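These notes are about the structure you will find just below.
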Amino acid sequence: MLPVMNVLSVAALFLAVGCAFGPARPLAAQSAPVSQASKVPAKKTWFIRLIPPRPTFDKDMTGAEEKLMDQHFLYWKDLFEKGVCVFGGPVLDPKGVYGVLVITAASEDEARAIADDDPSVKAGVNRIEVAEIRVAFPPKTH
């Protein structure tokens, strides 16, 4: 009886380890045939620089600009909660504050469309620059 329990214990251990360290493919790709999985574009990571209209913007926003920046914050917060925005925030450069965001998108066009949908960009207050970034040290999730 004991040898059978040892074999079962070892088998259970291998099964648990196999599940924990199995192939790192997205769940959809694991269940779909290879031909279908390859049609789904891989997500890339994109760096977005949000450029304000003037270097003093964080200190002298008008009431209308403050409202747009509140909408800007809520827009990116929603995308962060959905997992599209990896991280973001203001860069407190003494020469002028600007925004930095890192997002995931399948293409530069998709990344630009996401950034262009920011209410502050749509209103013409802020401008954007977009470039692909390879995040070597992603934020840890605990």
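Of all residues in segment 44-98, exactly one satisfies the criterion of being part of a loop (DSSP other than H, G, I, E, B), over 14 Å from the mean Cα position of the chain (by Cα) and small (Gly, Ala, Ser), namely GLY96.
I'd like to know if segment 58-75 contains one or more residues that are closer than 19 Å to SER107 by Cα, surrounded by fewer than 10 Cβ atoms within 10 Å (Cβ to Cβ) and modelled with pLDDT of 70 or more.
From segment 58-75, those closer than 19 Å to SER107 by Cα are none; that's our starting set.
No.
Only one residue in PRO33, PRO41 is farther than 25 Å from ALA131 by Cβ, out of contact with any Leu (no Cβ under 6 Å at 6 or more places or on another chain) and either surrounded by 17 or more Cβ atoms within 10 Å (Cβ to Cβ) or at pLDDT below 95 (or both), so which one is that?
After ruling out the rest, the residue left standing is PRO33.
Does segment 99-112 contain at least one residue that is of a type in the set (Asp, Glu), at negative phi and under 15 Å from the mean Cα position of the chain (by Cα)? Yes, the conditions are met somewhere in segment 99-112.
Only residues that are closer than 15 Å to PRO90 by Cα, surrounded by 12 or more Cβ atoms within 10 Å (Cβ to Cβ) and modelled with pLDDT of 95 or more were counted in segment 46-57, giving 8.
Filter segment 103-142 down to residues that are among the aliphatic types (A, V, I, L, M) and part of a loop (DSSP other than H, G, I, E, B) and give me whichever is surrounded by the most Cβ atoms within 10 Å (Cβ to Cβ).
Just the residues of segment 103-142 that are among the aliphatic types (A, V, I, L, M), to begin with: 103, 105-106, 111, 113-115, 121, 123, 125, 128, 130-131, 133, 135-136.
Those left that are additionally part of a loop (DSSP other than H, G, I, E, B): 106, 123, 125, 133, 135-136.
Values: ALA106: 12, ALA123: 14, VAL125: 20, ILE133: 14, VAL135: 12, ALA136: 5.
Result: VAL125.
The values are calculated or read from the model by the stated rules, or taken from the named source; none is laboratory data. Remember, it's a predicted structure, so these values are computed and weren't measured experimentally. Because the Cβ atoms are built from the backbone with ideal geometry, glycine has one as well, and the counts that use them run over all protein chains shown.
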